[in-house]
Amino acid sequence: MKYRTLVMFMELGSFVSCLVGWILVCSTLAIEYWTWSEVGSVVLTTSNFYSNLWMDCVSDTTGVSDCKYYPSLLALPVFLHVCRALSIVSVILGFWGAVLAFIGMKCTKIGGSELANARVTFAASVTYLASGFSGLIVYSWWGNKVRVEAIDPNFRAQKFEIGAAVFIGWGGSCLIIAAASVMCYFSGREAIYKNGKKRQPRSYVTARTRTRTYMLPGSSRQAVTLAASSRRAPKPPPMPPLWSGNVSLASKKTRSIRTTQPLSMDSFV
């Protein structure tokens, strides 16, 4: 099997796993059973109290149930506001991660070149990782709060248990993180370490020949060859004198003196 085919199947499997995990996370926002508690008032009647991010509900064995939304948004604790915000952020990031992964995967052939597809898929995997960790923070924080209240002997209010929605959210977030990590590994390896490196252009020093040839201008001497590994430049040979012979340059600069002689008739003969 070729490496490209292997990467294509791994990206497709990771995308499907991330999509399933994102659907599980989205489903927890509509489930009421984030926390629940069972209170037996009499022998024949048992009341169940359960709540989620948006409402409190109560039901009994007769089939009557009643849900009430939280009355005031400003009166809610900071814990509930943060959980709501992180849950919505997790859903939004998962949606955009699915869009980027659908564009950048090798089986869709929408992104363009191989390098562009790898970079888009890498961005999708990072987006999925952010979505998974946002959801994991919400469900872990919620479960820890319920656990602390349940084991605290000084907590006098009604104690609750961890609901099914928290376990579903844990499973969906872990599935997103695991699949996005696999997608991030394969796409990042192709986008950054393989095709992302730019090759340096070859210069005269990094040519196939490992020697340099230096020739002084205006010199008929043999060229000096220097290995490329040596750091110091070769010492140029001494320049030859401009004038050869024993007569110096200053002695040759003589002035021509014209002698004036009287002309006679014999000079023209």
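Once both labels are modelled 7 Å past Cα along the beta-carbon direction, what's the ILE88-ALA178 spacing in nm?
Each label point is offset 7 Å from its Cα along the Cβ direction, giving 3.1 nm.
Can you give the FRET efficiency for MET55 and PHE9, using 1/(1 + (r/R0)^6), R0 = 41 Å, r = Cβ-Cβ distance, to the nearest 0.05?
The pair MET55/PHE9 has a calculated efficiency of 0.40.
Given an 8 Å cut-off on Cα distances and at least 6 residues of separation, report the relative contact order of the stretch 1-147 as a percent.
19 percent
Using a 1.4 Å probe on the protein chains only, how many percent of the accessible area of the stretch 1-133 belongs to carbon and sulfur?
Carbon and sulfur together cover 72 percent of it.
Residue by residue, what Karplus-based ³J(HN,Hα) values in Hz, rounded to whole numbers, does the stretch 105-110 have, using 6.51, -1.76 and 1.60 with θ = phi - 60° and x for Gly and Pro?
5, 5, 6, 8, 6, 9
Reachable aspartates and glutamates from LYS109, Cα under 17 Å, same-chain residues fewer than 8 places away excluded?
Those aspartates and glutamates meeting the cut-off are GLU11, GLU190.
So between SER27 and LEU76, what do we pick up on full extension, going 0.36 nm a residue minus the alpha carbon distance?
The span from SER27 to LEU76 would gain 15.3 nm if fully extended.
Give me the extension gain from ILE151 to LYS109: residue separation times 0.36 nm, minus the current Cα-Cα distance, reported in nm with one decimal.
Length gained between ILE151 and LYS109: 9.7 nm.
Just to check I understand the Karplus step: with θ = phi - 60° and J = 6.51 cos²θ - 1.76 cosθ + 1.60, what whole-Hz values come out for the stretch 8-20, glycine and proline as x?
5, 5, 5, 5, 5, x, 5, 5, 5, 5, 5, 5, 5
How many nm separate the modelled label positions at PHE167 and ASN48, each set 7 Å beyond the Cα in the direction of the Cβ?
Between PHE167 and ASN48, the simple spin-label model gives 1.4 nm.
Measuring with a 1.4 Å probe in the full set of protein chains, what accessible area per residue, in whole Å², belongs to the stretch 120-193?
Accessible area per residue: 48 Å².
What does the accessible area of LEU6 come to, in Å² to the nearest 10, when a probe of 1.4 Å is used?
70 Å²
The values are calculated or read from the model by the stated rules, or taken from the named source; none is laboratory data. Keep in mind that this is a model prediction, so the values were computed, not measured. No Cβ is skipped: glycine too gets one built from the backbone with ideal geometry, and neighbour counts run over all protein chains shown. Side chains are part of the model used for accessible areas, which takes the heavy atoms of the whole protein and leaves out ligands, DNA and RNA. Shrake-Rupley method; radii C 1.70, N 1.55, O 1.52, S 1.80 Å.
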